[in-house]
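J.: Right, I'll just put the structure down here and ask away after.
The values are calculated or read from the model by the stated rules, or taken from the named source; none is laboratory data. Just so you know, these numbers come straight off a predicted model, no measurement behind them. Ideal geometry is used to build each Cβ from the backbone, glycine not excepted, and the neighbour counts take in all protein chains shown. Note: areas computed on protein heavy atoms with side chains; ligands, DNA, RNA excluded. Shrake-Rupley method; radii C 1.70, N 1.55, O 1.52, S 1.80 Å.
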Amino acid sequence: MSGQSLETVVGRTRLKNPVIAGAAEHLIDADGVRRALRAGAAAVVAKSTNESQAARDQLQQAEYMVLDENWRPVPWGRSAPKSAFVACRSGLTPQSFEEWLEQTAGLDREARSYDAYVVGSLILSDLDRAVTMARQIESAGLRILELNIGTPYASQSAKGAVSTELLPERVGEIVRAVRAAVTIPLWVKISGQSERVPDLAQPAFDAGADAVVMAGRLLGLIPDIDTFEPMLGTTLGVGGPWNLPLTCHWLAMSRRRSGPEKSLIATNGAQTGLDVVRMMLAGASAVEMSSQVMLRGFSVLSDAIAEIESYAAAKEIDIAELIGRAADSRKSFAEMKVLPDNWRRYLPEG
């Protein structure tokens, strides 16, 4: 075992390591959550819920595919190439809120024996109902609430099923209402479908969020060159290794906007432990891993933790010391030194 600490702090919450299992279909059933806990995740975000029947029905219409770097479908599973990414339509847990709450609260009690957390994830539909559900989540004993106001699917879903909030003032209104209803740590997940990601994070912090999760999956259309149709028939939620630089950019910009004392949680783009390290250097206190676990199995989590531990030992550094170091040394273009005609070295030869 490494002598270096893997502990990190997210808002008020100490985590034993920076790896979080992000919400997805493999965390609907209790067995999936338990497998993520056994794999060593410091927190597991259970598949999201809300009051909308349309959002639950959407899961029954869901389809999934995995594509390689040439946009070709490849078989699902751990044999998919490293560059592969998941494209899908998804929905919320099929359980009723009452069933979900009983299961998730029980799993969070079990998580204590792993020095871990099971996090309740609530996707906004109606704000008043979200406030009521948040109170019930706290009353049931759950120790952390993730409020997801950045799901990519709102524009494609049945009216009112889920929410993609893109106005800073609206973010503040929503978070303020939920924060007033609960005292437990509140993590707010925002969209990456905006040029204003830091401006969405700031009102969440101002309204009392303990951490902001950024930046969620995006909407994308992938044409099929054989059928001339969209793959899976419609616009899809997409995210993958190609998104890591974008997530790191938003982390760095949000750290600059809100300050280094504010906790950021990264999502979208991490495949390995070293990707977690990269996101921490960009400003994340912890990182959610989701689609890669769904695609390749729960060993993705344990492998990532082992890789982070080896990295910390090799660098002789506690992992929390990495947070924001690349972000804080980032220079603007105007600050870079002049390199006369450097561009000429990169012209094509033929």
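J.: Output yes when any residue across the stretch 218-229 is open to solvent by less than 10 Å² (accessible area, probe 1.4 Å) and touching a strand residue (DSSP E or B) at 6+ places or on another chain (Cβ under 6 Å), and no when none is.
T.: no
J.: Part of a helix (DSSP H, G or I) and either at pLDDT 95 or above or touching an Asp or Glu at 6+ places or on another chain (Cβ under 6 Å) (or both): is that true of residue 170 in this structure?
T.: no
J.: Of the residues 327, 334, which is closer than 30 Å to residue 206 by Cβ and buried (at least 22 other Cβ atoms within 10 Å of the Cβ)?
T.: 327
J.: Out of the residues in the stretch 25-47 that are open to solvent by 10 Å² or more (accessible area, probe 1.4 Å) and either in a strand (DSSP E or B) or among the aliphatic types (A, V, I, L, M) (or both), which is farthest from residue 105 (Cα to Cα)?
T.: Checked the stretch 25-47; the qualifying residue farthest from residue 105 (Cα to Cα) is 39.
J.: A follow-up question, please. Taking into account only those residues within the stretch 194-206 that are open to solvent by 10 Å² or more (accessible area, probe 1.4 Å) and of a type outside the set (S, T, N, Q), which is nearest to residue 263 (Cα to Cα)?
T.: Once the filter is applied, the top-ranked residue is 205.
J.: Then there's this: Name the residue that is surrounded by the fewest Cβ atoms within 10 Å (Cβ to Cβ), counting only residues in the stretch 247-261 that are over 17 Å from the mean Cα position of the chain (by Cα) and in contact (Cβ under 8 Å) with a residue 60 or more places away in the chain.
T.: Per the stated criteria, the residue is 260.
J.: Looking only at the stretch 5-15, filter to residues that are open to solvent by 50 Å² or more (accessible area, probe 1.4 Å) and assigned to a loop (DSSP other than H, G, I, E, B); which one of those is farthest from residue 212 (Cα to Cα)?
T.: Selected residue: 7.
J.: What number goes with the only condition from (1) within 18 Å of the chain's Cα centre (by Cα); (2) under 27 Å from residue 255 (Cβ atoms) that residue 7 does not pass?
T.: (1)
J.: Now for a separate question. Which members of the stretch 66-100 meet the condition of being assigned to a strand (DSSP E or B) and closer than 21 Å to residue 298 by Cα?
T.: Selection gives 66, 67, 74, 85, 86, 87, 88.
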